[in-house]
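Colleague: My structure is below; once you've seen it, I'll send some questions.
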Amino acid sequence: MAEKMPAIMKTKPAYGAELVEVDVPKPGPGEVLIRVLATSICGTDLHIYEWNEWAQSRIKPPQIMGHEVAGEVIEVGPGVEDLQEGDYISAETHIVCGKCYACKHNRYHVCQNTKIFGVDMDGVFATYAIVPAQNAWKNPKDMKPEYASLQEPLGNAVDTVLAGPIAGRSTLITGAGPLGLLGITVAKASGAYPVIVSEPSDFRRKLAKKVGADYVINPFEEDPVEVVMSITDGAGVEVFLEFSGAPKALEQGLKATTPGGRVSLLGLFPRDVTLDFNNLIIFKALEVHGITGRHLWETWYTVSSLIQSGKLNLDPIITHKYKGFDKFEEAFELMRAGKTGKVVFFPKE
Ligand SMILES: NC(=O)C1=CN([C@@H]2O[C@H](COP(=O)(O)OP(=O)(O)OC[C@H]3O[C@@H](n4cnc5c(N)ncnc54)[C@H](O)[C@@H]3O)[C@@H](O)[C@H]2O)C=CC1
Ligand SMILES: CC(=O)[C@H](N)C(=O)O
Ligand SMILES: [Zn+2]
Ligand SMILES: [Zn+2]
């Protein structure tokens with residue numbers, strides 16, 4: 001095995017990243033070394049690439065980027081018992097403590113001491129990567145690596161869509177970025193109808209239709225609330241799934257939700273949001289869920305079963321595949337321009 005490997009690294013506290021040659025890491029106690037088979041870009045990676053305020057407050061360069069992955073275990077560190085060379089795994093990105101109040105209440109997805117690889121330590125945009133054994137998820141041998149790599153963001157989408165009943169429910173999704181697109185296919189596979197999607201990007205509205213949306217709305221040209229009311233005979237939707245992080249979308253979605261309906265909020269807002277809580281939430285008795293991470297580990301079981309059921313329409317969502325990392329800047333710039341769904345790298349041997 002090579003001593004050195006290419007890696008996409010945040011080398012400096014500034015815009016961009018670099019493709020550099022680094023030493024292949026050695027697994028320490030409780031860790032495994034994987035050969036990366038597929039790794040995909042998350043919106044968070046884009047924040048790190050762009051070096052926005054959040055990234056400046058959290059990321060300590062130099063650091064290998066990336067946290068969505070599928071790989072083969074090639075070396076097992078001391079003390080690891082339930083993994084062996086040859087295991088085909090993906091990884092939960094949240095490294096949780098198991099000791100805090102949240103963990104002791106089985107709320108691992110909101111562990112107060114969460115560390116995230118690719119965010120708080122070296123990640124997986126490389127030929128080989130270190131994964132904590134406690135975070136490894138064993139994949140069925142026949143699962144495509146690009147699907148296996150998407151399980152982590154699919155987990156966010158599953159927790160958003162399935163935070164309450166969805167079968168047969170009218171559903172509004174705001175934001176058809178990579179996560180919103182995953183939300184559409186999970187909602188359709190789970191029996192939601194109609195699935196109405198509000199998304200200003202023409203490229204992404206077309207993608208939303210391909211993935212299975214029943215209706216798409218351009219919120220910059222039509223009032224999504226009016227369109228939803230006309231589709232639902234004035235009732236509003238039973239379920240509102242917020243995947244955009246746009247304050248306007250939040251307000252429109254709440255207005256379009258039927259009294260007593262359910263709201264799941266995944267999108268992260270760029271700033272504090274001012275909202276008419278009395279009339280948009282309280283007097284409508286809405287059930288509102290904040291969504292973060294994935295429930296450990298039931299969400300991973302749900303995601304894997306949905307993929308294996310063949311009911312998820314993932315291929316149209318994976319819009320860009322790259323062999324190796326040479327064109328990573330093109331990939332990030334296309335993603336920044338909103339001209340992609342999910343982008344997947346397949347490291348060269
Ligand atoms: N809570 C959590 O655990 C996580 C939250 N996120 C957040 O989820 C959100 C979605 O992630 P990505 O799909 O990667 O983000 P993205 O930024 O690629 O997609 C957001 C989409 O919303 C659309 N949009 C903008 N304004 C809109 C409006 N007024 N109405 C409808 N759509 C509008 C954009 O055109 C874009 O297509 C982001 O805010 C991201 O930060 C991502 C990962 C984990
Ligand atoms: C930080 C991330 O982007 C990650 N996908 C998560 O679920 O927390
Ligand atoms: Zn992510
Ligand atoms: Zn904890």
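Readers should treat all values here as calculations from the given coordinates under stated rules, not as data from a laboratory. Computed from a predicted model, the values in this text were never measured in an experiment. In this analysis, Cβ positions are derived from the backbone assuming ideal geometry, glycine residues included, and neighbour counts consider all displayed protein chains.
Colleague: My understanding is that a pair violates if its Cα-Cα distance is over 23 Å; which of Lys206/Lys248; Lys209/Lys342; Lys255/Lys342; Lys138/Lys327 do that in this structure?
Modeller: Where the Cα-Cα span goes over 23 Å, the pairs concerned are Lys255/Lys342; Lys138/Lys327.
Colleague: Determine the relative contact order of segment 157-290: mean sequence separation of Cα pairs under 8 Å and six or more apart, normalised by residue count, in whole percent.
Modeller: 23
Colleague: Here's something else I'd like to know. For the chain, what is the charge dipole size about the Cα centre, in debye to the nearest 20, if Lys and Arg each add +1 at the Cβ and Asp and Glu each add -1 at the Cβ?
Modeller: 260
Colleague: Figure the gain on full extension for Cys100 and Lys327 (residue separation times 0.36 nm, minus the Cα-Cα span) and round it to one decimal in nm.
Modeller: Fully extending the segment from Cys100 to Lys327 adds 77.6 nm.
Colleague: Continuing with this model, one more query. What are the ³J(HN,Hα) values, in whole Hz, obtained from phi via the Karplus relation 6.51 cos²θ - 1.76 cosθ + 1.60 with θ = phi - 60°, for each residue of segment 80-90 in sequence order, with x given for Gly and Pro?
Modeller: Each residue's phi maps through the Karplus curve to give 7, 10, 9, 10, 9, 3, x, 5, 9, 10, 10 Hz.
Colleague: Can you work out ³J(HN,Hα) from phi for every residue in segment 43-48, in order, using Karplus 6.51 cos²θ - 1.76 cosθ + 1.60 and θ = phi - 60°, giving whole Hz and x for Gly and Pro?
Modeller: Once θ is set to phi - 60°, the couplings for segment 43-48 become x, 5, 4, 5, 4, 5 Hz.
Colleague: For Val288, enumerate residues with amide H under 5 Å from its amide H, sequence gap 5+ or separate chain, H modeled in the peptide plane.
Modeller: Here Val263 satisfy the definition.
Colleague: I've got another one for you. Based on the mean of other beta carbon atoms within 10 Å per residue, what is the order of 170-178, 27-35, 276-284, most packed first?
Modeller: Order by mean packing, descending: 170-178, 27-35, 276-284.
Colleague: For Lys342, what residues show an amide H to amide H distance below 5 Å, using hydrogens built from the backbone and excluding near sequence neighbours?
Modeller: Here Ile318, Thr319, His320 satisfy the definition.
Colleague: Rounded if a/c is under 1.5, else prolate if a/b is larger than b/c, else oblate: which is segment 42-108, with a ≥ b ≥ c the root eigenvalues of its Cα gyration tensor?
Modeller: Judged from the Cα gyration tensor, segment 42-108 comes out oblate (a/c at least 1.5, b/c at or above a/b).
Colleague: I've got another one for you. Mind ordering 182-191, 325-334 by average Cβ neighbours within 10 Å, highest first?
Modeller: Answer by packing, highest mean first, reads 182-191, 325-334.
Colleague: Run the numbers for Lys339 and Asn279: contour at 0.36 nm per residue of separation, minus the present Cα-Cα distance, in nm.
Modeller: The span from Lys339 to Asn279 would gain 18.0 nm if fully extended.
Colleague: Just the number: Rg to Rh for segment 157-290, Cα atoms, Kirkwood Rh, two decimals.
Modeller: Result: Rg/Rh = 0.92.
Colleague: Tell me the angle of helix 202-211 to the major Cα principal axis of the chain, expressed in degrees between 0 and 90 and rounded to the nearest ten.
Modeller: 90
Colleague: Here is a follow-up. Need the full-extension length gain, Ala235 to Gln134, defined as separation in residues times 0.36 nm minus the C-alpha distance. One decimal, nm.
Modeller: That works out to 31.7 nm of additional length.
Colleague: Each label point is 7 Å from the Cα along the Cα-to-Cβ direction; what then is the distance between the points at Arg271 and Asp223, in nm?
Modeller: Result for the modelled spin labels: 2.5 nm.
Colleague: Near the amide H of Ile95, under 5 Å away, which other amide H atoms are found, from residues 5 or more places off or on another chain, if H is placed in the peptide plane?
Modeller: The list, which skips near neighbours in sequence, is Lys115, Ile116, Phe117.
Colleague: Residue by residue through segment 164-170, which ³J(HN,Hα) values in whole Hz follow from phi under the Karplus form 6.51 cos²θ - 1.76 cosθ + 1.60 (θ = phi - 60°), with glycine and proline marked x?
Modeller: x, x, 9, 4, x, 8, 5
Colleague: Need one word for the chain: rounded, prolate or oblate. Basis is the Cα gyration tensor (sqrt eigenvalues a ≥ b ≥ c); a/c below 1.5 gives rounded, then a/b vs b/c decides.
Modeller: Note, shape of the chain comes out prolate.
Colleague: Determine the calculated [θ] at 222 nm for the chain from helices alone, applying -39500 (n - 2.57) to every DSSP H run no shorter than 4 residues and normalising by the residue count; nearest 500 deg cm²/dmol.
Modeller: One gets -7500 deg cm²/dmol as the mean residue ellipticity at 222 nm.
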